[in-house]
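The values are calculated or read from the model by the stated rules, or taken from the named source; none is laboratory data. Fair warning: this is a prediction, and the values are worked out from it, not measured in the lab. Positions of Cβ are generated from backbone atoms using ideal geometry, with glycine treated the same way; all protein chains shown enter the neighbour counts.
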Amino acid sequence: MDADAILSDLTHYYTRMYGRRTLRTDTPFLSQALVHTIRDRLMERWNRTNIAFERADGRRACYLSMEFLMGRLLNNALYSLGSTDESSHALGLLGVELEKVLDAERDAGLGNGGLGRLAACFLDSCATLGLPVRGYGIRYHYGMFRQRIVNGFQIEEPDPWLREGFPWEIERSELARTIRFGGRTVTFRDEHGRTRHGLEDTHDVLAIPFDVPIPGYRNGVVNTLRLWSAAATDEFDLEEFNAGSYTEAVEAKNEAENISMVLYPNTATESGHELRLRQQYFLASASLQDILHDYRYRHGGSLAGLEDKVCFQLNDTHPAIAVAELMRLLMDEHGMEWDQAWGIVRSTTAYTNHTLLPEALETWPVPMFEKLLPRLLEIIYEINARFLDEVSIRWPGDNARLARMSLIDEGGERRVRMAYLAIVGSYSVNGVAELHSRLLREGLFRDFYELWPDKFNNKTNGVTPRRWLAACNTRLAALVSGKIGDGWVTKLDQLEALAPLADDAGFQASWRAVKLANKQRLAEDIKRRTGIELDPAMLFDVQVKRIHEYKRQLLNVLHAVHMYDLIRRGDGDELPPRAIIIGGKAAPGYVMAKGIIKLIGNVARVINNDPAMAGRLQMVFYPDYNVSAMEKICPAADLSEQISTAGKEASGTGNMKFMMNGAITIGTLDGANVEILEAVGDENFFLFGHTVEEVASLRENYDPGAYINADEDFRRVVGLLESGHFCRFEVGVLDAVIGAFQDPSDPWMTAADFRSFIDAQRRVDEAWKDTARWDRMSILNSACSGRFSTDRTMQDYNDDIWRLEPVEPG
Ligand SMILES: *Cc1c(COP(=O)(O)O)cnc(C)c1O
């Protein structure tokens, strides 16, 4: 672990394994050599952890997720092992800065946004708590696309993150599984005369696992993330080859490998792509086979007692097909009867919902399902028949309810409702924030809640304080630890000890100096990416997240235009200087979201080129927002924009990262904002906007025009937008976006919250002008962020759903 040993291994890998001589940080090889060096040091811990889990022979949890938005792993591993300083020293002896080497690592961008990042934070906390939890996902060849901005438009570029290799992973080809698609179902009698079901003439694909180590924080634990990669089976190739069709054999190979080729960028209503259904089944089947195989291996070839030793957490409905696949494996492959198999499914499967948008609930067309997974469709029909019996016993004659609750949507083209399959097959269904869980019970899942109230529970999301405070904001971490010790790294509630310092002028000054340094660093990054130079003294007003109408980046732009208008008309003298930073990716097929990016860029261009705005208002679109970007952004934010329409954001986790790093939230009563407000108190939060209930009642006869006409400021903003002021030589490009918030059918009710948002922003300005007051609010936000650690979230999952015993590797 000392610098000399690290240096020696590092040099070995760099020169002997990668065959490089000259030291360069503009290629990934030095960073990869350091990864190998560190991976070696994790390996023994990894083995010891697995041995400890085996010895304990306790219950284990499998976190099934189509997305793990891991970001970079090296800095976190160094930090968890406590070898940051020694590694930095070792590199120093070569004349290289650690930060440069860390920056050369590519992000593992195997996720879209919040849901995938949550899975990554969960893994970190489970390892730190010593919980036997394994992540199961897909090793996409291409992760989340990279975003380039050309002329204000988003351009997507592929992310070939594996091109130079991913030195963290270990291929475990001996654990490959066969995944069977298509074919037809057959029925036969086994040697005991029992009716059995099977499949014939399937198209098979190999699933090969690649394991990634997940180190806990200085506790000797290394957990596993197992990612499946698709490959053609040899038999499949050979068969075609012998038939004399070499090219078809190659095509079949491509088709097989396509399964893990690319992550789907989600479009709220993403449904119906056959390849996506293939991916879901591929993940579910490979993971379940792996778990059953491992269990039998360790229990003398038997599955007896399985239900006491494993549980599956489904991250949204994406892996919900596991409910039917587990039934198939237990019955068709392992000879169980329906009731026994169903008993196991229902006592091992738990489901987490992540959305309140009905259009985002996944469904699959029955014909596609039948063609791709014929046996699973039979099983789903049987689950449904038995389930609907249960419903009709409880509510005799209530046919409307039966149709509402059926796993098959019969209105129009018949479709399988994956969320309902997940609910019926699970013993626990949770939402991800208090408000979200309540709205699920009262809305989307009301019928199911009436049937099984005890299944439903809440597990408010969190973020890992290792990545999102300790490692990404080393200056603040050092300041905090200097005052209250470093126990907060694993017991985030201890940040409460900062509260008494909130009014201490000396502490405030240090706190402010840290924030300023972080803002300087971000400003340099922004200059490099966009050419725009921000003044770090300005209030950094930040909204970074996926671009989506419900998140209301549009509302943010309306405020920017209003500030611009105030300054131009000479009414802006009271406004403190502000830099508005917006970033995020739009799904490639989401036309409105792409229009919003264009609008942001155009408004920013006009503002930044207007001499009257100099030193008073600046605006940038931050390109290619991802995990590494957020690690620079959240330590540098003063104001955190969490402005979704109430009742639309399930939880949000960006809000928590900002809070931990001392940004103050301007937000609606939505998702986890409600709990942030409760934790920090309303004097330390800028609340605005209509509530869920108000949004619902306004909906009845919503008239955006009325809000605009009644409000001089709003009229002027709309006037500027419609005059073409922001698209002088691009006539019409912004029309759809400018029309969106004026449409009476606007589901996001942007216009209804305009006035309240503007007023809240002026309260922000007043607070900002009073430096001591702002510092106090900022310190208290960090101090009160303890409950938003995923250590707490994982403890809650474990107490109520998983019931695992932590282990301590010897
Ligand atoms: C935290 C995070 C998100 C989630 O942000 P929200 O504001 O909760 O939507 C998305 N993407 C990245 C890269 C993140 O780090």
Exercise for review: Tell me, yes or no, whether region 593-615 has at least one residue that is within 16 Å of the ligand (Cβ to nearest atom), touching a residue at least 24 places away in the same chain (Cβ under 8 Å) and of a type outside the set (Val, Ile, Thr).
Suggested key: yes
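Go through LEU69, LEU123 for me and flag whichever is touching a strand residue (DSSP E or B) at 6+ places or on another chain (Cβ under 8 Å) and either in a loop (DSSP other than H, G, I, E, B) or under 28 Å from LEU306 (Cβ atoms) (or both). So that I can check it myself, show each step before the final result.
Working: LEU69 fails: either in a loop (DSSP other than H, G, I, E, B) or under 28 Å from LEU306 (Cβ atoms) (or both).
Checking each option against the conditions leaves just LEU123.
Can you name the residue in region 98-132 that is in contact (Cβ under 8 Å) with a residue 40 or more places away in the chain and of a type in the set (D, E, K, R) and, of all such residues, is nearest to the ligand (Cβ to nearest atom)?
Within region 98-132, the subset in contact (Cβ under 8 Å) with a residue 40 or more places away in the chain is 100-132.
Still in the list and also of a type in the set (D, E, K, R): 100, 103, 105-107, 117, 124.
Values: LYS100: 22, ASP103: 17, GLU105: 15, ARG106: 14, ASP107: 9, ARG117: 5, ASP124: 13 Å.
Checked region 98-132; the qualifying residue nearest to the ligand (Cβ to nearest atom) is ARG117.
Which helices (runs of 4 or more DSSP H) does region 305-374 wholly contain that include 3 or more residues that are buried (at least 23 other Cβ atoms within 10 Å of the Cβ)?
On the way: elements: 306-309, 322-328, 338-348, 366-372.
Counting at least 3 such residues, we get 322-328.
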Revision key, fill the gap. Of the listed residues (THR49, THR22), the one being polar (S, T, N, Q) and farther than 25 Å from VAL489 by Cα is THR22
Review point. How many residues are near the ligand (Cβ under 8 Å from one of its atoms), assigned to a loop (DSSP other than H, G, I, E, B) and not β-branched (Val, Ile, Thr) if we restrict to region 616-663?
Key: 5
Check your understanding: Out of all the residues in region 81-90, which are under 16 Å from ALA478 (Cα atoms) and assigned to a helix (DSSP H, G or I)?
Key -> THR84, ASP85
Practice item. Among the residues of region 691-709, write down those that are over 25 Å from GLY671 (Cα atoms) and assigned to a helix (DSSP H, G or I). Key: GLY705, ALA706, TYR707, ILE708, ASN709
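Show me the helices (runs of 4 or more DSSP H) entirely contained within region 744-810 in which 1 or more residues are among the acidic types (Asp, Glu) and buried (at least 21 other Cβ atoms within 10 Å of the Cβ). Give the derivation first.
Details: elements: 754-769, 771-783, 790-797.
Counting at least 1 such residues, we get 771-783, 790-797.
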**Study point:** One residue from GLY135, GLY165 being more than 15 Å from the ligand (Cβ to nearest atom) and either polar (S, T, N, Q) or not in a loop (DSSP other than H, G, I, E, B) (or both)
**Key:** GLY135
Exercise for review: Could you please find all residues in region 758-782 being in contact with a Leu (Cβ under 9 Å, 6 or more places away or on another chain), of a type in the set (Gly, Ala, Ser) and over 16 Å from GLU574 (Cβ atoms)?
Suggested key: SER782
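Only one residue in ARG184, ARG177 is closer than 27 Å to ASP316 by Cα, basic (Lys, Arg) and either within 16 Å of the ligand (Cβ to nearest atom) or touching a Pro at 6+ places or on another chain (Cβ under 9 Å) (or both). Which one? Can you show your working first?
Details: ARG184 fails: closer than 27 Å to ASP316 by Cα.
Result: ARG177 is the single residue among ARG184, ARG177 that is closer than 27 Å to ASP316 by Cα, basic (Lys, Arg) and either within 16 Å of the ligand (Cβ to nearest atom) or touching a Pro at 6+ places or on another chain (Cβ under 9 Å) (or both).
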**Study point:** Residue that is nearest to SER628 (Cα to Cα) [pool: residues in region 485-516 that are among the hydrophobic types (A, V, I, L, M, F, W, C) and surrounded by fewer than 16 Cβ atoms within 10 Å (Cβ to Cβ)]
**Key:** LEU516
Check your understanding: Do we have any residue at all in region 402-423 that's modelled with pLDDT of 95 or more, over 26 Å from the mean Cα position of the chain (by Cα) and under 20 Å from TYR797 (Cα atoms)?
Key -> no
Exercise for review: Give region 299-348 a look and list any residue that's among the acidic types (Asp, Glu) and farther than 19 Å from GLU382 by Cα, or say none.
Suggested key: GLU307, ASP308, ASP316
